[in-house]
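Working notes, structure below.
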Amino acid sequence: MKIAMRRGRIIRITLGLSIIPLLYLLFTYSESHKKFNEIYSKKLVSKIREPFLASEGYGNFEPIDKEVHHGPGEGGLPYIHEGSNSDDSEIEYGMNMFISDKISLNRTIRDTRPKECKKWNYPEELPSVSVIIVFHNEGFSVLMRTVHSVINRSPQQYLEEILLVDDFSDKNDLKEKLDNYVERFNGKVRVIRNVEREGLIRTRSRGAHEARGEVIIYLDAHCEVNKNWLVPLIAPIALDDKVMTVPIIDGIDHKNFEYRPVYAEGHNFRGIFEWGLLYKENELPKREEKKRAHSTEPYDSPTHAGGLFAINRKYFLELGTYDPGLLVWGGENFELSFKIWQCGGKIKWVPCSRIGHVYRGFMPYNFGKLGEKKKGPLITINYKRVVEVWMDEQHKEYFYTREPSAKYLEMGDISEQLALKEKLNCKSFSWFMENVAYDVYDKYPQLPENTNWGELINSATMKCFDAMGRQPPSYISLQPCHGYGNNQLIRLNAAGQLGIGERCVEADANGIKLAFCRLGTVDGPWKYTEAKTLYHRTQKKCIAVHPVTSQLSLMPCDVNNSYQLWIFKILKPR
Ligand code: LR7
Ligand code: MN
């Protein structure tokens, strides 16, 4: 593959040919219209864009044939079937398989791309691709619709294979039935299987080792790729093999399989994170928009959601794929993002490559033996590994302020990861924050230290503050202390913010509430007094438990009333 030949070639941007007759007409108007015409033609120029000139060696790749298909769910419309809109399969799969089974595996979906995307031209000399789909106990029709969409909507000359990696599923239809089914693809679709449960992270790494294509593209097992998704995604990698690309991920409804665009046209978002390593997306900063001539051009993103991306296979192997110490699920998207940026690569989001993903309301599987072996919450352990390898002292502290019990978690040996960082001559986390992820600071200011944290136990009842896993706004209640943290892990910081997870504690006339923290702020009204009351500075009242109903509310302070006294008990994971 002579990718090198194309490298460094300047992408030429010119005006579409179609505009020339129009301009000619405009300029033949009388002299008095000249000024008007100048302004008008300028507007036209900026409106009609053709980001890549169609020329020798370049192609447009827009499918010529219109996809025509009739039946339930076509065009990406929701499919609502009388009487079966909730189904047991939702509990088993996290999505309605009864509905999925009714929809064609070859269904059409809405083209959600900005219109400008159709004008692009891309180099024709492109690397071969392995699409890797890892799965554990997914629904057969949903998995196969992913495969069909890739087969139907990819130029076959670049698609080396679709590699299905079964992470030790135990569902019957994912065994012989699957093997037999893929035979119809004449070798294009290959199935390999783990002999024990490895989790999605290790399974993806295995896929990278086994793949035969030059570029690998990962998809979750419940996706539908959209029109002309492939070439826009691999073209930036053909030009620079240290670029990882990420498609724009649209939503597919887990109940009715409606395909919906994720953002309104013309809006670009990029991946960032909150200090507790919660993945977030942020509208592309002006500074980044300005770097590009066209809003449909790929742009830099600090991180990515995890599931869907393309990367040069050799480059991914050089980076050591994922840290093999990360278990099952979570944090791997940050590990790879930090590693790529800090060690000389780039992540680009590609507005003209669209893929739908079924968002499930909950995780329908458990973490198997790997989950049992580890003390403490496995995802937080993964985060801790990522933080300890890639962040510097200052930023590590923000993580531990937000996730105080993580200090006590056993994360295993990270010496190989640190050695890799050394070997690849990677830059510091501060460099990454200042040059790439600077918008994280705007959204999530640096956290003041915690003055108190842990379970918040009421002295009269010995019960605990509990957010109950409800979505804000919702009332906080008093529950038996369970010692696991999570919804019972409360933090008070030096600026008076009382928080649970990502959320803030507020008071209103009816009680004590879990609320969204005001964006960009880290302070609050609370003070933990020497007498052990929780004092609200502006209301000048204290949090009290109702002796009969156990409800929480603000009451005039009384330091002799044990229903108003609280103890923070530090939680060490068991
Ligand atoms: O043990 C497992 N083994 C697996 O093979 C658990 C899961 N899997 C498979 C599973 O069948 C699926 O194909 O791994 C894939 C991802 O698992 P999901 O779909 O349960 O994950 P998710 O979509 O809920 O979560 C997101 O975060 C994950 C862990 O960090 C992965 O990176 C997912 O790929 C990721 N999904 C996306 O990025 C899609 C967009 C979400 C957003 C925003
Ligand atoms: Mn998923």
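The values are calculated or read from the model by the stated rules, or taken from the named source; none is laboratory data. Just so you know, these numbers come straight off a predicted model, no measurement behind them. Positions of Cβ are backbone-derived with ideal geometry, glycine not excepted, and every protein chain shown enters the neighbour counts. Areas reflect the complete protein model, heavy atoms only, side chains present, ligands, DNA and RNA absent. Shrake-Rupley method; radii C 1.70, N 1.55, O 1.52, S 1.80 Å.
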Inset, instruction - Report, please, the projected area of region 450-569 averaged over directions, based on the convex hull of its C-alpha atoms, in nm². - result: 6.7 nm²
Legend entry - Karplus-derived HN-Hα couplings along region 125-133 (A = 6.51, B = -1.76, C = 1.60, θ = phi - 60°), whole Hz, x at Gly and Pro: 8, 10, x, 7, 10, 9, 8, 10, 10
Legend entry - Rg in Å to one decimal, and Dmax rounded to a whole Å, for region 200-246 via C-alpha atoms: 11.8, 30
Legend entry - Gain on full stretching of the segment that runs from residue 362 to residue 65 - 0.36 nm per residue minus C-alpha separation: 103.1 nm
Inset, instruction - Could you work out the per residue convex hull volume over the alpha carbons of region 185-285, in cubic angstrom? - result: 202 Å³
Inset, instruction - Give me the orientation-averaged projected area of the Cα convex hull of region 373-443, in nm², one decimal. - result: 5.5 nm²
Legend entry - Added length on full extension, which subtracts the Cα-Cα distance from 0.36 nm per residue, residue 280 to residue 394: 38.9 nm
Inset, instruction - Would you calculate the separation in nanometres between label points at residue 494 and residue 515, each defined as 7 Å from the Cα along the Cα-to-beta-carbon direction? - result: 2.5 nm
Legend entry - Zone residues, region 426-469, relative to residue 560, backbone N less than 20 Å from point 7 Å out along Cα-to-Cβ: 459-461
Inset, instruction - Would you work out what percent of the accessible area of the chain, with all protein chains in place, is carbon or sulfur (probe 1.4 Å)? - result: 53 percent
Inset, instruction - Round to the nearest 10 and give me the degree value, 0 to 90, for the angle of helix 393-402's Cα axis relative to the longest principal axis of the chain. - result: 60 degrees
Inset, instruction - Evaluate Rg over Rh across region 277-372, taking Cα atoms for both radii and Kirkwood's formula for Rh. - result: 1.00
Legend entry - Filter on 314/423; 255/374; 66/115; 119/188; 373/569; 443/527 - keep pairs with C-alpha separation over 28 Å: 255/374; 119/188
Legend entry - Long-range Cα-Cα pairs in the chain (distance over 32 Å), rounded percent: 54 percent
Legend entry - Tilt relative to the chain, helix 140-153 - C-alpha long axis, 0 to 90 degrees, to 10: 30 degrees
Inset, instruction - Would you mind checking the radius of gyration and Dmax of region 126-265 based on alpha-carbon positions, in Å? - result: 15.0, 45
Inset, instruction - For the chain, give the share of DSSP beta bridges that are antiparallel, in percent and rounded to the nearest 5; count only bridges with both residues there. - result: 65 percent
Inset, instruction - Can you tell me the 0 to 90 degree angle between the C-alpha axis of helix 378-390 and the longest principal axis of the chain, rounded to 10? - result: 70 degrees
Legend entry - Dimensionless Rg ratio for region 311-358, taking C-alpha atoms and the 2.2 N^0.38 Å reference: 1.30
Legend entry - Where 410, 56, 198, 274 fall by accessible area, highest first, once all protein chains stay in place (1.4 Å): 56, 410, 198, 274
Legend entry - Relative contact order computed over the chain (Cα-Cα under 8 Å; 6+ residues apart), in percent: 11 percent
Legend entry - Mean Cβ count within 10 Å, highest first, over the residues of peptides 531-538, 190-197: 531-538, 190-197
Legend entry - Whole-number D in µm² s⁻¹ for region 176-230, Kirkwood Cα-pair radius fed into Stokes-Einstein, 4 °C, 1.567 mPa s: 97 µm²/s
Legend entry - Solitary cysteines of the chain, where the nearest other Cys Cβ is not under 4.7 Å: 223
Legend entry - Within straight-line cross-link reach of residue 348, lysines at Cα separation under 17 Å, skipping those fewer than 8 residues along the same chain: 242, 280, 286, 290, 291, 339
Legend entry - Kirkwood Rh, Cα atoms: Rg over Rh of region 521-574: 1.03
Legend entry - Semi-axis lengths (Å, descending) of the ellipsoid that matches the C-alpha gyration tensor of region 63-199: 27, 24, 13
